[in-house]
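The values are calculated or read from the model by the stated rules, or taken from the named source; none is laboratory data. What you see is a predicted model, and the numbers here were worked out from it, not measured in a lab. Here the Cβ positions follow ideal geometry from the backbone for every residue, glycine too, while neighbour counts run over all protein chains shown. Just the protein is used for accessible areas: all its heavy atoms, side chains included, with ligands, DNA and RNA removed. Shrake-Rupley method; radii C 1.70, N 1.55, O 1.52, S 1.80 Å.
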Amino acid sequence: MVRIKTVDLTKRFGEVVAVDRVSLEIEHGEFFTLLGPSGCGKTTFLRCIAGLELPDEGRIYFDGEDVTEVPPHRRDTGMVFQNYALWPHMNVFDNIAYGLKIRGLPKNEIKKRVEWALELVKLKGLEKRTPHQLSGGQQQRVALARAIVINPKVLLFDEPLSNLDAKLRLEMRAELRRLQKELGITTIYVTHDQEEAMSISDRLAIMKDGKIMQVGTPREVYDRPANFFVADFIGQSTFIEGTVVGEVSSPVYEVDTSVGRMRAVPSFPGVSFSPGERVILAIRPENFSLECLGGDNSMKVVVHHVAFLGKHLRVHGESDGVKVIAELPKDVSVSVGDVITLCASPKEVLMIKGE
Amino acid sequence: MNFQAVFSDSEAVRCIVNSVIFSAAATALMVILGVSAAYLVSRKNIPGIGLLDLLVTLPIAIPGIAVATGLFLTYLGTPLSPTISGAPLLIASYTVRKIPFTVRAVFSGLEQTDKTLDEVAWSVGASKPRTFFEIILPLIALNILAGGMLSFIYSMSEVSTGIVVGDANHRDAPMTWKMYDMLFHGLTGGTFQPAALGFMLMVLQFVFIVGANLLLRKRATPLIGV
């Protein structure tokens, strides 16, 4: 179990800055996720941690020890790749045992540890199979067993679930999380799937163009997005552009928008706005309501589409050129073409600096 | 009949043995150099590494007789002179001229072996040399075998250097020189004995090329010809 720290980590590929001065601290035993669209540099960052890429600038520390130039085979990291990367000429047992053989453990000790790892990933009895005799899910479990059997300081996952089908992905997600907590190994996980990142991580960093846009717990980044990119990338929102009128009572501001004057609060604590500033207001679908309380913002919405999602209705509509997404209780009767009045409390309308 | 005549001619037998020894030695060299070159080109991101690729492929474009006379004139009178022993020049010439077959076959194998297989081995603690021998080598073994077979059989049938060097030193001459010698200076048997030798070579080539193709099948686009 180690604490990982990077300081101004930078990696360039020719003209492209894949990782741009990234400074992060990942705690002992933490499940930390790097989330971002493809090409945002999250995989390159992970590969720097693994030692597979040498950063152009910046340092990497494991528990205070500088490992920036330590070659990958001396870093003691277990890595799981998207394509599983099982060695096709070895059976399941040998794939898992390889790292232990390198460490020169005695045969019976290797056998014991491989059995332990196989039990952990629920693959007992498949020792003699070769990789091509396994399903995708089983292959990924072997890859996982191979990474944890060496009891690494750090576990690194590069989009490990994206080749699995949806149902299996959900199962594996829960299992990965359980395993990681059981073993307590500091983990860095890379994915472009925001739902996966939200459900699996202790904390996550959202990346764009090689830069960290925000670091926080899933709840923090969802409820308190630091910028428009994060608000847009995590979950869904209704976005309304506007101009700040002024602060009415801290922290509530008044904002002029195309759907009228609205009351909103800064999305991120401590950020202040001045009159005349361009802002974007963000409202989460579940924060709309059909019942207005005094002081709420309200807007007239023309319904374009209604989707029944089991526990609620998802309503897509438009209000003076603004696209609106709202979640309403499933027992209300709303149909396409209706004009409804949606309300949102000022504290649920998040004010973000315009870009 | 003609085969009997060939095998009772002690010089013909010696030439066949020469060809096999020199080709085998050259193949060993080609495998070591070829696998190294293919590995560097496929796995190392060194600027200008493409030149190495060109260097080991280019010999196909150079006429054999140019390589042969070049080597012959350069080393004539030196300790490696073909008049002392034909072996060094023949082995060198085979290696230079036939290495593309090994390199191409091995390179295709490496390109089909995902680089994450190397990376995951490093991550569990295997050094780069260890990863090469225990992970990569077993996975490209068939490509090496097939490439080596092609390089070997094309060395056996190499003509240009064989005749130039063989003429200077009959003791170390390969079988291709013997065929030429029988054809133009033969006292008995006319064209039949060299034809018998040629037929043997042809059958051998057929077997090796088909064998290499079967081994490679979808693992590479084999380089045939020249």
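Heavy-atom accessible surface, probe 1.4 Å, ligands and DNA/RNA ignored: which residues of region A:97-133 lose at least 50 Å² versus the isolated chain?
A:98, A:102
Stretched out fully, how many nm does the piece from residue A:27 to residue A:122 gain, at 0.36 nm a residue minus the Cα gap?
31.4 nm
For the protein assembly as shown, with only Lys/Arg (+1) and Asp/Glu (-1) charged at the beta-carbon, what is the dipole magnitude about the Cα centre, in debye rounded to 20?
About 1740 debye.
Counting other Cβ atoms within 10 Å, keep those with at most 15, restrict to DSSP loop, and tell me which trypsin sites (Lys or Arg not before Pro) in region A:233-316 are left.
Those that pass, being in a loop and sparsely packed, are A:311.
Given labels modelled 7 Å from the Cα in the Cβ direction, how far is it in nm from residue A:309 to residue B:60?
Going from the residue A:309 label point to the residue B:60 one covers 5.8 nm.
Write out the cysteines belonging to chain A for which the nearest other cysteine Cβ is not under 4.7 Å, or none if no such cysteine exists.
Result for chain A is A:40, A:48, no neighbouring Cys Cβ within the cutoff.
What Kirkwood hydrodynamic radius, in Å, does region B:55-180 give when the mean of 1/r is taken over all pairs of distinct Cα atoms and then inverted?
Every distinct Cα pair counted, the radius reaches 16.4 Å.
With angles folded into 0 to 90 degrees, how steeply does helix A:136-148 sit against the dominant principal axis of chain A? Use alpha carbons for both and round to 10.
Its long axis makes an angle of about 70 degrees.
Translational diffusion coefficient, Stokes-Einstein: compute it for region A:172-287 using the Kirkwood radius over C-alpha pairs as Rh, at 10 °C and 1.306 mPa s, and state it as an integer in µm² s⁻¹.
It comes out at roughly 99 µm²/s.
Mind checking the angle between helix A:107-120 and chain A's longest principal axis? C-alpha axes, 0 to 90 degrees, to the nearest 10.
20
Just to be sure I understand: if you take the accessible area of chain A alone plus chain B alone and subtract the pair, with a 1.4 Å probe, what total do you get in Å², rounded to 100?
1800
What would the Debye equation give as log₁₀ I(q)/I(0) for region B:1-109 at q = 0.11, 0.14, 0.19 Å⁻¹, counting only Cα atoms as equal point scatterers?
-0.47, -0.69, -1.01
Under unit Cβ charges (Lys, Arg +1; Asp, Glu -1), what dipole magnitude, rounded to 20 debye, does region A:245-329 have relative to its Cα centre?
That gives a dipole near 240 debye.
For region A:126-226, which trypsin sites (Lys or Arg not before Pro) are in a loop by DSSP, counting at most 11 other Cβ atoms within 10 Å?
Of the trypsin sites (Lys or Arg not before Pro), the ones in loops of region A:126-226 whose Cβ has at most 11 other Cβ atoms within 10 Å are A:128.
Convex hull over the Cα atoms of region B:46-100, averaged projected area in nm²?
Result: a mean projected hull area of 4.4 nm².
In chain A, what percentage of the DSSP-assigned beta bridges are antiparallel, given to the nearest 5?
Antiparallel bridges: around 75 percent, rounded to the nearest 5.
Express the C-alpha Rg of region A:1-104 as a ratio against the empirical globular expectation 2.2 N^0.38 Å, rounded to two decimals.
1.18
Show log10 I(q)/I(0) for region A:97-231 at q = 0.11, 0.13, 0.16, 0.19 Å⁻¹, two decimals, from a solvent-free Debye sum over equal Cα scatterers.
For region A:97-231, the Cα-only Debye profile gives -0.48, -0.64, -0.89, -1.13.
Provide Rg and Dmax in Å for region A:200-354, with only Cα atoms included in the calculation.
Spelled out, the Cα radius of gyration and Dmax of region A:200-354 are 15.8, 46 Å.
Relative to the longest principal axis of the C-alpha atoms of chain A, give the angle of the C-alpha long axis of helix A:166-183, reported between 0 and 90° and rounded to the nearest 10°.
Long axis of A:166-183 versus the principal axis of chain A: about 70 degrees.
Once you've got the Cα coordinates, tell me which of A:101/A:153; A:5/A:122; A:5/A:42; A:5/A:153; A:5/A:101; A:112/A:167 are over 25 Å apart.
Flagged as over cut-off: A:5/A:122; A:5/A:101; A:112/A:167.
Please compute the per residue accessible area over the protein assembly as shown with all protein chains in place, 1.4 Å probe, rounded to a whole number of Å².
Heavy-atom SASA per residue in the protein assembly as shown reads 45 Å².
Select from B:102, A:332, A:145 the residue farthest towards the positive end of the dipole of the protein assembly as shown; place +1 on Cβ of Lys and Arg, -1 on Cβ of Asp and Glu, and compute about the Cα centre.
Checked the options; the winner is B:102.
With the crude spin-label approximation of a point 7 Å out along Cα→Cβ, what separation in nm comes out for residue A:7 versus residue A:170?
Label-label distance for residue A:7 and residue A:170, simple model: 4.5 nm.
Considering all alpha-carbon pairs of region A:265-332, what whole percent are spaced by more than 16 angstrom?
Above the 16 Å cut-off, region A:265-332 has 58 percent of its Cα pairs.
Semi-axes of region A:63-131's equivalent ellipsoid from the Cα gyration tensor, sqrt of 5 times each eigenvalue, largest first, rounded to whole Å?
Largest first, region A:63-131 gives 25, 15, 12 Å.
Evaluate E = 1/(1 + (r/R0)^6) for residue B:205 and residue B:7, where r is the Cβ-Cβ distance and R0 equals 25 Å; express this FRET efficiency to the nearest 0.05.
The formula returns an efficiency of 0.80 here.
Kyte-Doolittle cut-off 0.0, length cut-off 15 Å along the helix's own axis using Cα: show which whole DSSP H helices in chain B pass.
B:10-43, B:64-75, B:87-112, B:137-156, B:192-216
Quick one: check the C-alpha center-to-center distance for region B:1-46 versus region A:83-97, whole angstrom.
Region B:1-46 and region A:83-97 have Cα centres separated by 36 Å.
Would you work out if region B:1-49 is rounded, prolate or oblate? Take a ≥ b ≥ c from the square roots of the eigenvalues of the alpha-carbon gyration tensor; rounded if a/c is under 1.5, else prolate when a/b is larger than b/c, oblate otherwise.
Because a/c hits 1.5 or more and a/b exceeds b/c, region B:1-49 counts as prolate.
Which three numbers, in whole Å and largest first, are the semi-axes of the equivalent ellipsoid of chain A derived from its Cα gyration tensor as √(5λ)?
After scaling each eigenvalue by five and taking roots: 46, 25, 15 Å.
For region A:180-226, would you read off the P(r) tail past 18 Å as a percentage of all alpha carbon pairs?
That fraction is 29 percent.
Check each of the GluC sites (Glu not before Pro) in region A:249-299 and keep only those in coil by DSSP with at most 11 other C-beta atoms within 10 angstrom; list them in order.
A:291
When the Kirkwood radius is taken over all Cα pairs of chain B, what Stokes-Einstein diffusion coefficient follows at 20 °C and 1.002 mPa s, in µm²/s?
114
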